[in-house]
Amino acid sequence: MAAEPPPTLLKLLVQTSRSFEHELNSRLRADLGDNLRPAHYAVFRYLDPAGSRISALAEAAGMTQQSMGELITHLERYGYVERRVDPADRRGRLVALTHSGHKALRTAAQHIRAIEEQLSHALGPDGLAVLRRLLAQSSESLSGVADPVDSAAAQPS
């Protein structure tokens, strides 16, 4: 009987990402209620601090403007974001965080740090640093363009 091949790297990365988001979502729901879902993270992940157009958010997240608009409408209904007039083009609208949205981001950041600490314990003393460095290097090798911020953070001191 032939041994089953190991899972692909893509499968492992997707599983890890989903597990991380599931854990984060569980913690956020406990703190913020059940009105946030992992799909909403795309808005927070790509939202410029000064505000973003829906088209820019949709493009960054790899989704349609209609789908992004639905996510934003949901977040707006719960008070996490608001639509403002774009000062650079008064005909346009920007999506920006509200006070509640900033609070949710701070809460998420605390939980992300705690989840990373949990991973650090599971992977050993240097495991998380090595994983972070290898993932950054992998991303750079696939994109062909190094992100200076991520590259600097990934370099050993």
**Report entry** Residues (within 18 Å of Arg132 (Cβ to Cβ) and among the polar types (S, T, N, Q)) located in segment 16-39
**Finding:** Thr16, Ser17, Ser19
Report summary line: Of the conditions (1) modelled with pLDDT under 95; (2) in contact with a strand residue (DSSP E or B) (Cβ under 9 Å, 6 or more places away or on another chain); (3) not basic (Lys, Arg), the single one that Tyr41 does not satisfy is (2)
Query raised in the report: What's the number of the condition Gly92 fails, among (1) within 25 Å of Met68 (Cα to Cα); (2) at pLDDT 95 or above; (3) not charged (D, E, K, R)?
Result: (2)
Report summary line: Turns out the helices (runs of 4 or more DSSP H) fully within segment 1-86 with at least 1 residues that are among the acidic types (Asp, Glu) and in contact with a helix residue (DSSP H, G or I) (Cβ under 6 Å, 6 or more places away or on another chain) are 9-32
Query - Search result, residues across segment 17-26 that are surrounded by 17 or more Cβ atoms within 10 Å (Cβ to Cβ) and touching a residue at least 24 places away in the same chain (Cβ under 8 Å) - result: Leu24
Requested in this report: State yes or no: is Glu70 surrounded by 12 or more Cβ atoms within 10 Å (Cβ to Cβ), modelled with pLDDT of 95 or more and of a type in the set (Asp, Glu)?
Outcome: yes
Query raised in the report: Do we have Glu82 as of a type outside the set (A, V, I, L, M, F, W, C) and at pLDDT below 95 here?
Result: no
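Just give me the residues in segment 119-130 being closer than 19 Å to Glu23 by Cα and either surrounded by 13 or more Cβ atoms within 10 Å (Cβ to Cβ) or touching a helix residue (DSSP H, G or I) at 6+ places or on another chain (Cβ under 6 Å) (or both), in sequence order.
Matches in segment 119-130: Leu119, Ser120, Leu123, Leu128.
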Report task. With the checklist (1) at pLDDT 95 or above; (2) surrounded by fewer than 17 Cβ atoms within 10 Å (Cβ to Cβ) in hand, flag the one item Ala58 doesn't pass. Result -> (2)
Query raised in the report: Of (1) hydrophobic (A, V, I, L, M, F, W, C); (2) surrounded by 14 or more Cβ atoms within 10 Å (Cβ to Cβ); (3) touching a residue at least 24 places away in the same chain (Cβ under 8 Å), Ala50 satisfies all except one. Which?
Result: (2)
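The values are calculated or read from the model by the stated rules, or taken from the named source; none is laboratory data. Model, not experiment: these values are computed from the prediction. So basically every Cβ, Gly included, is an ideal-geometry build from the backbone, and we count neighbours across all protein chains shown.
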